[in-house]
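Asks: Sending over a structure as structure tokens; questions will come in a sec.
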Amino acid sequence: MSMRSIYRKVAKKHGVSVTEVRKDMQAAIDYAYQKSDKSESEKMMQKSIPRKEKIPTAEEFIKAVAHTIKNT
């Protein structure tokens, strides 16, 4: 399933735009990576996500989590 179809399904299910889905997902990821009171397991999980920048994009995050789920 492509990222585009994932965004569309989520947007349709919640009655919002694809842009809003992307924006909200990225805001949640940004918050998780920037918060200061992370547990050790959160830190480990965040370090395991491949990314180009300090904080992964929603696409990078979803692909990494999907890969992990698929391989467990």
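Asks: Apply the Karplus parameterisation 6.51 cos²θ - 1.76 cosθ + 1.60, with θ equal to phi minus 60°, to every residue of the stretch 56-72 and state each ³J(HN,Hα) to the nearest whole Hz, in sequence, with x for glycine and proline.
Replies: x, 6, 4, 4, 4, 5, 4, 4, 5, 5, 4, 4, 4, 5, 4, 9, 10
Asks: Rounded to the nearest 500, what is the 222 nm mean residue ellipticity of the chain from helices alone, with -39500 (n - 2.57) per DSSP H run of 4+ residues and division by all residues?
Replies: On the way: 4 runs with 51 residues, N = 72.
Roughly -22500 deg cm²/dmol at 222 nm, from the helical runs in the chain.
Asks: If you don't mind, there's one more thing I want to ask. Using unit Cβ charges (K, R positive; D, E negative) and no other charged atoms, how large, in debye to the nearest 20, is the dipole of the chain about its Cα centre?
Replies: Using only the charged Cβ atoms, the result is roughly 320 debye.
Asks: What residues qualify as long-range amide H neighbours of Thr57, i.e. H under 5 Å apart, gap of 5 or more or another chain, H built at 1.01 Å from N?
Replies: Those lying under 5 Å, H to H, from Thr57 are Lys52.
Asks: Counting pairs of alpha carbon atoms under 8 Å apart in space and at least six apart in sequence, what relative contact order in percent does the chain give? Walk me through the numbers on the way to the answer.
Replies: Working: 33 pairs, mean separation 17.5, N = 72.
Answer for the chain is 24 percent.
Asks: If you don't mind, another one. With 14 Å as the cut-off, how large is the P(r) tail for the chain, expressed as percent of Cα-Cα pairs? Please report the intermediate quantities before stating the final value.
Replies: On the way: 1658 of 2556 pairs.
For the chain, the share of Cα pairs beyond 14 Å comes to 65 percent.
Asks: Pop out the carbon and sulfur fraction of the accessible area of the chain as a percent, whole number, probe 1.4 Å. Walk me through the numbers on the way to the answer.
Replies: On the way: 3270 of 5730 Å².
It is 57 percent, rounded to a whole number.
Asks: Explain nothing, just compute: Karplus ³J(HN,Hα) = 6.51 cos²θ - 1.76 cosθ + 1.60, θ = phi - 60°, for every residue of the stretch 46-54 in order, whole Hz, x for Gly and Pro.
Replies: 5, 5, 7, 7, x, 7, 8, 10, 4
Asks: Solvent-accessible area per residue for the stretch 3-72 at a 1.4 Å probe radius, Å²? Could you put the intermediate results ahead of the total?
Replies: Working: 5510 Å² over 70 residues.
Per-residue value: 79 Å².
The values are calculated or read from the model by the stated rules, or taken from the named source; none is laboratory data. Only a predicted model underlies this, so the values are computations on that prediction, with no experimental measurement involved. Heads up, the Cβs are rebuilt from the backbone with ideal geometry, glycines too, and the neighbour counts pull from every protein chain shown. For the accessible areas, the whole protein counts, side chains as well, though only heavy atoms, and no ligand, DNA or RNA atoms are used. Shrake-Rupley method; radii C 1.70, N 1.55, O 1.52, S 1.80 Å.
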